[in-house]
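FYI, it's all coordinate maths here, none of it is from the lab. Note that the coordinates shown come from a computational prediction; the quantities given were computed from them, not determined experimentally. Cβ atoms come from the backbone with ideal geometry, glycine included; neighbour counts cover every protein chain shown.
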Amino acid sequence: MQVEHTRIKDVVLITPRRFGDARGWFAETWNRRTLQAAGLEWPDFVQDNHSFSAPRHTLRGLHLQHPPHAQDKLVRCSRGAVLDVAVDIRKGSPSYGGHVTATLSAENGAQLYVPKGFLHGFLTLTEDCEVQYKCTDYYAPDCDDVVRWDSVGIDWGTDAPVLSDKDAQARPFAEFDSPFTYQGGA
């Protein structure tokens, strides 16, 4: 696996190695030992999610779960391509309000690790996208939250994404009071 630390160190881009032949290819998308050998000690994942978005420019986010059910996520696109985004919301962080973007696609196989203390969202760059992600805690509706997609200074590449009612009605980042505190390391 290729491991790349982004400009916000705790957000990591990993690209599994693909082994191909005339039939296609095979890749390990998750291997604890391989990641530990690369110096990554991530928590256990307990839930896998899979979403499908039909129209191009569907935007899902910016989402988070508050403690005690905050989630680390390992996100990949298994069909199509997405612009995946992680926004630092750890109070006191030198990169507070900053974000990392990565293009994840079925073709490149890249995955983005989004730790607790970050908003997460993605924009579909093609029609018929499927996104799969592992989570370190279970979905808890009472801890679910959302911040408005266009209030953090992200260049999404569109001004008119397809949004859910929940995402369209989200409050802006300036009105968001983060429950996360920076612990060092980024």
Being of a type in the set (Gly, Ala, Ser) and crowded, with 22+ Cβ neighbours inside 10 Å, is that true of even one residue in region 112-127? yes
Only one of 114, 100 is under 21 Å from residue 44 (Cα atoms) and either hydroxyl-bearing (Ser, Thr, Tyr) or in contact with a strand residue (DSSP E or B) (Cβ under 9 Å, 6 or more places away or on another chain) (or both); which? 114
Within the bounds of region 79-88, is there any residue that is surrounded by fewer than 22 Cβ atoms within 10 Å (Cβ to Cβ), free of Cβ contacts under 8 Å to residues at least 60 places away in the same chain and not in a loop (DSSP other than H, G, I, E, B)? yes
Looking at region 151-173, I want the residues that are part of a loop (DSSP other than H, G, I, E, B) and have a partner that is exposed (fewer than 13 other Cβ atoms within 10 Å of the Cβ) with Cβ atoms under 8 Å, at least 6 apart or on another chain. Which pairs are those? 151/172; 151/174
It is to be established whether one or more residues within region 11-24 are under 12 Å from the mean Cα position of the chain (by Cα) and either surrounded by fewer than 16 Cβ atoms within 10 Å (Cβ to Cβ) or part of a loop (DSSP other than H, G, I, E, B) (or both). yes
